1. Given the criteria part of a helix (DSSP H, G or I) and surrounded by fewer than 21 Cβ atoms within 10 Å (Cβ to Cβ), does B:Leu101 qualify?
2. Check A:Pro239, A:Pro247 and return the single one that is away from chain B (no Cβ under 13 Å) and either under 30 Å from B:Leu128 (Cα atoms) or without any contact (Cβ under 8 Å) to a residue 40 or more places away in the chain (or both).
3. Could you list, in sequence order, the residues of the stretch B:112-123 that are within 19 Å of B:Phe49 (Cβ to Cβ) and either more than 14 Å from chain A (Cβ to nearest Cβ) or part of a loop (DSSP other than H, G, I, E, B) (or both)?
4. Specify which of the listed residues (A:Glu320, A:Glu325) is at pLDDT 95 or above, closer than 30 Å to A:Asp544 by Cα and not assigned by TED's automatic domain parsing to the domain that holds A:Asp69.
5. For the stretch A:461-495: of the residues being assigned to a strand (DSSP E or B) and among the small types (Gly, Ala, Ser), which is surrounded by the fewest Cβ atoms within 10 Å (Cβ to Cβ)?
6. Can you find a residue in the stretch A:539-552 that is over 24 Å from A:Gly359 (Cβ atoms), assigned to a helix (DSSP H, G or I) and at pLDDT below 95?
7. Just wondering, is there one or more residues in the stretch A:286-303 that are out of contact with any strand residue (DSSP E or B) (no Cβ under 8 Å at 6 or more places or on another chain), away from chain B (no Cβ under 14 Å) and more than 27 Å from A:Gly572 (Cα to Cα)?
8. Which is touching a residue at least 24 places away in the same chain (Cβ under 8 Å), in contact with a Phe, Trp or Tyr (Cβ under 9 Å, 6 or more places away or on another chain) and charged (D, E, K, R), of A:Arg619, A:Arg582, A:Arg625?
There are 2 protein chains.
Amino acid sequence: MIMANMFRFSSIPFRQVQIDDPFWNERLRVNHEHSLPKQYDMCERTGRFDALKLQWKPGLPKRPHFFWDSDTAKWLEAACYACAVRPDPELRARIDRVAALFVGAQLTDGYLNAYFTVCDPERRWKNLKFNHELYCAGHIFEAAVAHHQLTGSEEFLQAACRFADYIDSVFGLGDGKLPGYCGHQEIELALVRLYRETGERRYLDLSAYFINQRGQRPLWFDIETQGIPRDFLPLDAPPSYLQAHVPVREQKEVVGHAVRAVYMYCAMADLARETGDDSLLQACETLWHDMESGKVYITGGIGSTWQGEAFTTPYDLPNERAYCETCASVALVFWAQRMLQHSGERKYADMIERALYNGALSGMSLDGRKFFYQNPLLSFGHHHRSDWFDCSCCPSNLSRLLGTLGEYLFSETARELRVHLHIGATARFTLGGRAEGTLRQQGDAPWGGNVRYDISVPSPLEFVIAVRVPDWAGAVKAVRVNGTPQPPEVRDGYLHLSRVWGEGDTVEVEFPMEAQRVISHPKLAGNAGQVALQRGPFVYCIEDHDFAGSVLEVSLPGGARLSESREALQPGGESFLVLEGRGVTAAPPEDGALYRPASASSQKEIAFKAIPYFAWDNRSPGAMRVWIPETGVA
Amino acid sequence: MIMANMFRFSSIPFRQVQIDDPFWNERLRVNHEHSLPKQYDMCERTGRFDALKLQWKPGLPKRPHFFWDSDTAKWLEAACYACAVRPDPELRARIDRVAALFVGAQLTDGYLNAYFTVCDPERRWKNLKFNHELYCAGHIFEAAVAHHQLTGSEEFLQAACRFADYIDSVFGLGDGKLPGYCGHQEIELALVRLYRETGERRYLDLSAYFINQRGQRPLWFDIETQGIPRDFLPLDAPPSYLQAHVPVREQKEVVGHAVRAVYMYCAMADLARETGDDSLLQACETLWHDMESGKVYITGGIGSTWQGEAFTTPYDLPNERAYCETCASVALVFWAQRMLQHSGERKYADMIERALYNGALSGMSLDGRKFFYQNPLLSFGHHHRSDWFDCSCCPSNLSRLLGTLGEYLFSETARELRVHLHIGATARFTLGGRAEGTLRQQGDAPWGGNVRYDISVPSPLEFVIAVRVPDWAGAVKAVRVNGTPQPPEVRDGYLHLSRVWGEGDTVEVEFPMEAQRVISHPKLAGNAGQVALQRGPFVYCIEDHDFAGSVLEVSLPGGARLSESREALQPGGESFLVLEGRGVTAAPPEDGALYRPASASSQKEIAFKAIPYFAWDNRSPGAMRVWIPETGVA
C-alpha cells in the first residue's frame, strides 16, 4: 500500500521481483551456495551457535563475545531472504535450528543475549556505550521479522516481541526507567521493522524514544560512567563517535563511526516515513549532502579512517587508509533506498548503484568464500579477503543485501512505476492497489547500455514508466516504444514514458556506455593529478597481477586510448569487461628514498589493464589501485 | 671533553658559537624580542604563573591544568638560552621571578606540581598514563639546568634535585616502590641532563630504569587501571600510543604519539652515550630507518594524524590531515642531533636541516607573535597561527630550539671539526682539548650556495675540516683553499679538507643551488602525479594570496621554467627568494560534485608563484599546498 504521506514512493518488495540477470544470477547463486554455508560453518566452528545454548562456563574455550548474537542473527536473516527467493530444504533446516536456538536462549523476563546471560550477568545494561546489547537486540528483531515472513511461524517473532516488550519496560523517560540508548545504533531501525510486522505501536514509539533521546543533555554516556575517574577516560570515544554529541535533528555533518551513523540515519528516515516527522527527513537531507559532497569514495565506500572506522573531515578520503567497511557501504545502500522513496531523486539511486556494484560487492570474493571487512582503494599488496573475522559483521550483512537485491530495482506510486537499477528482472506491480501487472526488464547490463521492457497488464492502463538515466550515462541515446523511436523526455534524471500501456507493449532504451576517466574535486587533494576509470556502474582498478611490475609505479598518459574486451578472471569463471592500453612506469629509487628530484626518475612504456574494482584480489596477491596518476598527453 | 665511547663526535655547545647570519639573526631577534615576551604574557594572562603560588581554590577562575608546569618551565628554559646569547636585564628579571615561583611551589617532601598540589592532591601518581606528572617534572629539571648554566645560582637546581630525589624514592623496582613510568616521555632525557649537570649517578640510573621498565609485562598501565571495568576502556589509548607495547629495545617501528616517541628515542640515545649500551643505539637506528623510509614529511614534519597526534603506517602521509606538530619537528631535531654525534652521518644533519628550516620554523609567524601547533602541507584555507593554545607546548619548544641553534652547526673530535649547517657563525673549538681556535663560517646561505671559512689557530695545527655536502646539493661545484682550487674529496656526504691549518687560512666552497622538482616514493600514493618544489634547505609552497584563484585548482606544467627573485612578504620586512612561472588552473565543478568526467574540466594558464613553506600564513588567509599536480609538458 502506498503511504499517504510525504514519502511519494514505495519500493516493490523483493518477493515481487524475480531477478534474471547473467551478472547478478551468479552473484546470488554464489551467495546462496557458498557464502551462506561458509558463514554458517564459521559460526558453528567459532562457537557462536553453541553460545546460544547458554552452557559456556569460565575455563571453557570459545568464550562468547558480546556481539556474537548479532552475527548469528544476521546470518539467520540473510538465510531467510535467500530461502525466500529460492526454496532450499537444507538451508531451511538450518534456519529453523538457529531460530530455535534464539528462542531457547531467552530468559523468563524476556532478556535475550548469550554473552551477558552466561559471561557477565551482573553487567546487563551497565555499559550501553560500548557493549552492543541493544544493537544485538535489533539484529534479533530483524531476523525474527525475516523468519516470520519466510515461515509464517510465530514463535521466534513472539520471542522477539517479548524481548522488545522487556526493553520497552527498561528504557525510556518514565519513573524508574533508564534514560539511555545504545552506543551502536541498530535497534532503532529494527523496532520500526518490528512495528511494521506486528502493528504494535509501542515499538515505533520506543524507536522514536531512542532517536529523540540521543544527544540530550546530560548525556547518558556521561551518566553511566559516573564513579569512574575522569582522568582515566581522556581518549575515550567522544560523543560524536556515536552520533550523540547533539540531538539528531541538530546534526548537520556525518561524523563518527560510519556504520553507527548510517544505521541511525536509516531509522530517522523510517520514523519520518511512519510518523510524518519532517524534521527528521530534513536532518537526513542535510546529512546526505554533507556526505555526498565530501565524504564518500568513488566506490560508494564511507569511513576514511580505521581509527574508529569513522568519517573524518570533508575531502579527507585517503585511498590506502580508507576504511570503507563492507557494512558501511551496505548501510549506505539501506539509507539511500529509504531516501529514494521520499523524492524519487536520481542521486539516491546513483548512490545505491555506486555502493552496490563497487564498495559493497567487493566485500565478497568471486567464489563467495572469502570476505573483506575494509575495502581500500589502494593496497600495497597486503590486504586480502579472509575466511572470517573476530568481529564478523560484514559477510552476513552483504548476504542480507544480496538476498533482498530485488527491492532496490523498482518503486511505485498509484500513477508511476519507477525503474532505478537496470538489472534483468520481472516485477509484479500494483500501482498502489490500482491494478496488477508485470514489468520485465532485460538487457545487456552491466556491460552494455541497452535495456528492454515488456509490459503485461490485464487491461489497458494509464501510468508513467520512469527509467533512471544513470549519472554515468548522462543522456539517453535512443528510445523506442513498440519499435517506434520517441524523443526522450528526461526529467530529474529519469526518462519519463507516459501513456496507456497495454498487454505486450515494449520499450527499448539505449544509454551511452563507454569507459570514462573521472577526476576528483580539487579539494580532494590526495587524488590531484590522478584519474579513476569508470565504465557503466563499475569503477575499475589496476592490479599487480596484470602488470610487469608494480601498479604503484604506473601512470596513464593523458590521451591514451583504452580498448575493451571480455576476460575470465578465474579458470572457467564468468567473464568481465576489462580495459586495456598502454601505460607508463617509473621504478622507485633503489635506495628507497621517500623524496628525490623528479629528474632522477626514468619512465618506460608498459602494457596496461584495468578490471572492475569489486573483482580485485581474486588472483595472485599484489598491489592494487583505483586512482592512477595521469601523465602528459601520449 | 670528547667522550671516550662509541659516540665519535661532540657538538660544540651553543655558548661557544656566535651566530651572525642575515637570515637567522632575524629569527633569533624575533624570538628574543617578540616570541618570548608574548609567551610570558600569555602564561601570565592564563594564570599559569599564578598557579605556582598554590593559591587556587575550587570556585576560582583559571583552574590549573596538569600540564601547565611544563609550559612555564619550557618558557623559563628557552628564556635562559636567549639571555645567555644576548644578555637582557628585563628578561633576566622575569627568569628569576619564574625560577623563584617554582622553588616556592615545592612541598617539603620534594614534590613539585601546581595542579596536583592544589586541585587533586589525592590523585598524586594515580594515573601515570595520562596525567603528565613526570613529564612536567622533566621540564622542570631541564629548566633548572638551563637556569643554573645561565645564572650559576644553585637554588632552583637544588629544588630540582630534591624533586628528582623524591621521585627516585617513589619509583623503581625496589620494595614499596611503584614500578611505573610516565605516559608522556620527557623525564628520561631530562634526568640525563640533570646527571650531566650534577654528576649524580642516581639520576642516570633512574632514567635508565624508566626506559628499561617501559613495556615490561605486566604493563604498569594495566596495573594502575585495575578496578576500573575493562569494558569502559575499549577505545582507550593502546600501549603503542605511549610506546609501551614492548620493551624499548624490541621496538622496530616508530608508532604512537610522535612527540612521546621521539623524546623517548632522545633518551635512549643519551643513555647509549652515557652508559655505552649499544643495544639502545641499535634500537634507535632501526627506529630511525623506519621513520626516514616512510613516516616523515618532506618538511621534516612527523605525525600523520591528529587522532593521537601520531605516527601511522609507512607511506601514509596525508597532506591536509598531517598533524606535524611543531613540537614533533623540534623533537626530531633533538633526536637527529644525538644520532649525528654517534656516527657523523650526513643523513642526520640533512634531517636536522629539513626539520629546522621547514616543519619547525613554520611553527612561528614572521613577527614571532603567533604560532602553529599543527603544520599541515595542505590547507583549504582554515588553518592559521594562534596567539596561544590551551595545550601550549609548541611555542616555547620552538623558542628552546632557536635559543640553542648554535649547537647544531658544528661537531668535533680530537682530529676533526665537522660543519653540519651552513649558517653564518664563529665557533670556538678545542678539538677535545688539544688546542683552542676559531672557525668563522660566512656565505650567502640559505639563498645561495657559497660559503667561506676563516681559520684562526694560535699555532699551526693538523686537523680535518669536514663540511657537509647537503642532500639537496648532491655535489660540490668548487673548493678553494687560500684561493687555490682543490679537487673536492667527498666521503660519506662530507667534503674533507685535511691539512695543517694556520692562522688566517681560508676555504671557499661552492654548492650548486637551484630550484628542484621533487617527487615522492611511488608508495606515497597521495603524492602520485604531484611535485614539491625545493631550493636549498627550503621546501616551497603556494598560497592563495599569490594567485588569481585557488591554489587547490593549480597544476604545474611538466617542463615549466621557474625564475627566482627576492620579495618581502610583509611591508618593510626582510626579503625571501620566491619562485615564479606559469601554471595551469582548472576550476572546480559548479555543482560541487566530488567526482566528474575528466572531459568536463577546462584549463587555462595562470601566473604561478611559490614561497618558502615556513613563511606561509603571514599574509591574507587562504589555501596553501606543498605538493602540486604536474600536468603534461608545457
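The values are calculated or read from the model by the stated rules, or taken from the named source; none is laboratory data. Predicted, not measured: the structure shown is a model, and the values here were computed from it. Ideal geometry is used to build each Cβ from the backbone, glycine not excepted, and the neighbour counts take in all protein chains shown.
1. On the way: part of a helix (DSSP H, G or I): yes; surrounded by fewer than 21 Cβ atoms within 10 Å (Cβ to Cβ): yes.
Answer is yes for this residue.
2. Sole residue among the options that is away from chain B (no Cβ under 13 Å) and either under 30 Å from B:Leu128 (Cα atoms) or without any contact (Cβ under 8 Å) to a residue 40 or more places away in the chain (or both): A:Pro247.
3. Passing the criteria: B:Leu112, B:Asn113, B:Ala114, B:Thr117, B:Val118, B:Cys119.
4. Numbers: A:Glu320 fails: at pLDDT 95 or above.
Being at pLDDT 95 or above, closer than 30 Å to A:Asp544 by Cα and not assigned by TED's automatic domain parsing to the domain that holds A:Asp69 holds for just one of A:Glu320, A:Glu325, which is A:Glu325.
5. Filtering the stretch A:461-495 for residues that are assigned to a strand (DSSP E or B) and among the small types (Gly, Ala, Ser), the one surrounded by the fewest Cβ atoms within 10 Å (Cβ to Cβ) comes out as A:Ala478.
6. no
7. Checked against the condition, which is being out of contact with any strand residue (DSSP E or B) (no Cβ under 8 Å at 6 or more places or on another chain), away from chain B (no Cβ under 14 Å) and more than 27 Å from A:Gly572 (Cα to Cα), the stretch A:286-303 yields at least one hit.
8. A:Arg582
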